[in-house]
Amino acid sequence: MTQFIFVRHGQTDWNKDDRFRGRADIPLNDVGVEQARRVAARLEKIPIAAVYASPLGRTMRTAEIIAEPHGLKIEPREELLDFDYGEWQGKLPSEVDPIQYALWKTQPDRVQFPRGESLSQARARVMMLIETVSQAHPDETILLVSHDIVAKILLCALLGLDNNSIRRFQQDNAAINRFDLKEGQVLIHAVNETMHLE
């Protein structure tokens, strides 16, 4: 059985503005750094075997802060990259096509972002990594550090829900999610845990 801890990165200034972040390399702000430190304190006594993170700066920095007490190096993985919003990246909701935005809010699985990706494509890459990591780390606890949409897509996949169900999940900055995977069977322990931030 592989135990997974999935952490969303700490806050950035673009999180406050609700911009489409995607692959833009936005750093943690001071609040985000403090959030990562609180995650580190929460997970300090858990025997983590390896840390995988999206290669963007906000996720790598979050992962580095969490991994420091464990003396672990971060392995960047493209599969954990944020959702590719294509031409929407960096824009506010008020700056994109209103019809497509309405569809994104109600039936997101039908949206293929111009020069970006679909939820199905993102789901495939994330689940491929989960399978790879579970095979490489049987009977170990693994930390993944990634992004909001990636977490929601992963939860949908683990629960057998369609991609439109991403709207049923909340993922706060620096939230912790925990699940076990054994022989294809999933046991979810926590979703969007934020007590460490209070």
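The values are calculated or read from the model by the stated rules, or taken from the named source; none is laboratory data. Given the structure is predicted, the values throughout are model-derived calculations rather than measurements. As a convention, Cβ positions derive from the backbone with ideal geometry for all residues, glycine included, and neighbour counts pool all protein chains shown. These area figures cover heavy atoms from the full protein model, side chains too; ligands, DNA and RNA do not enter into them. Shrake-Rupley method; radii C 1.70, N 1.55, O 1.52, S 1.80 Å.
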Checklist outcome for this item: Two pseudo-spin positions, 7 Å from Cα along C-beta at Ser165 and at Glu78, lie apart in nanometres by 2.9 nm
Checklist outcome for this item: Correct response: the longest run of the chain lacking exposed trypsin sites (Lys or Arg not before Pro), defined by DSSP loop and at most 11 other Cβ within 10 Å, is 116-198
Next on the checklist: Can you tell me the orientation of helix 57-67 relative to the chain, as the angle in degrees between its alpha-carbon axis and the longest Cα principal axis, to the nearest 10?
Outcome noted: 20 degrees
Checklist entry - Where the centre of each part is set by its Cα atoms, how far does segment 9-86 sit from segment 113-159, in angstrom? => result 15 Å
Checklist entry - For segment 1-91, which GluC sites (Glu not before Pro) are in a loop by DSSP, counting at most 16 other Cβ atoms within 10 Å? => result Glu44
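Helix-only estimate, please: 222 nm mean residue ellipticity of the chain, summing -39500 (n - 2.57) across DSSP H runs of length 4 or more and dividing by its residues, to the nearest 500.
After summing the helix terms and dividing by the residues of the chain, the value is -10500 deg cm²/dmol.
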Checklist outcome for this item: Taking protein heavy atoms only, a 1.4 Å probe, and rounding to whole percent, the accessible area of segment 1-46 owed to carbon and sulfur comes out at 42 percent
Checklist outcome for this item: Longest principal axis of the chain (C-alpha) makes with the long axis of helix 119-136 (C-alpha) an angle, in degrees to the nearest 10, of 10 degrees
Checklist outcome for this item: Taking Cα atoms only, Rg over Rh for segment 3-72 with Rh from the Kirkwood formula is 0.98
Checklist entry - Cα-based Rg (one decimal) and Dmax (whole number) for the chain, in Å? => result 16.0, 48
Next on the checklist: Per q in 0.10, 0.14, 0.16 Å⁻¹, report the Debye log10 I(q)/I(0) for segment 74-177, using one uniform scatterer on each alpha carbon and no solvent.
Outcome noted: -0.30, -0.58, -0.75
Checklist entry - Helix 30-43 sits at what angle to the longest principal axis of the chain, using alpha carbons and giving 0 to 90 degrees rounded to 10? => result 40 degrees
Item to check | Gyration tensor over alpha-carbon atoms, segment 116-168, equivalent ellipsoid semi-axes in Å | outcome: 21, 11, 10
Item to check | Net dipole in debye of segment 24-131 [+1 Lys, Arg Cβ; -1 Asp, Glu Cβ; about Cα centre; nearest 20] | outcome: 300 debye
Checklist entry - For segment 105-173, which GluC sites (Glu not before Pro) are in a loop by DSSP, counting at most 13 other Cβ atoms within 10 Å? => result none
Checklist entry - For segment 126-198, how big is the tail of P(r) above 15 Å, as a whole percent of Cα pairs? => result 56 percent
Next on the checklist: Keeping all protein chains in the complex and leaving out DNA, RNA and ligands, what accessible area do you get for Met195 with a 1.4 Å probe, in Å² to the nearest 10?
Outcome noted: 130 Å²
Checklist entry - In nm, to one decimal, how far is the modelled label at Ala49 from the one at Leu103, with both set 7 Å along Cα→Cβ? => result 4.3 nm
Checklist entry - Say R0 is 35 Å: what FRET efficiency, to the nearest 0.05, do Ala24 and Met1 get from their beta-carbon distance? => result 0.45
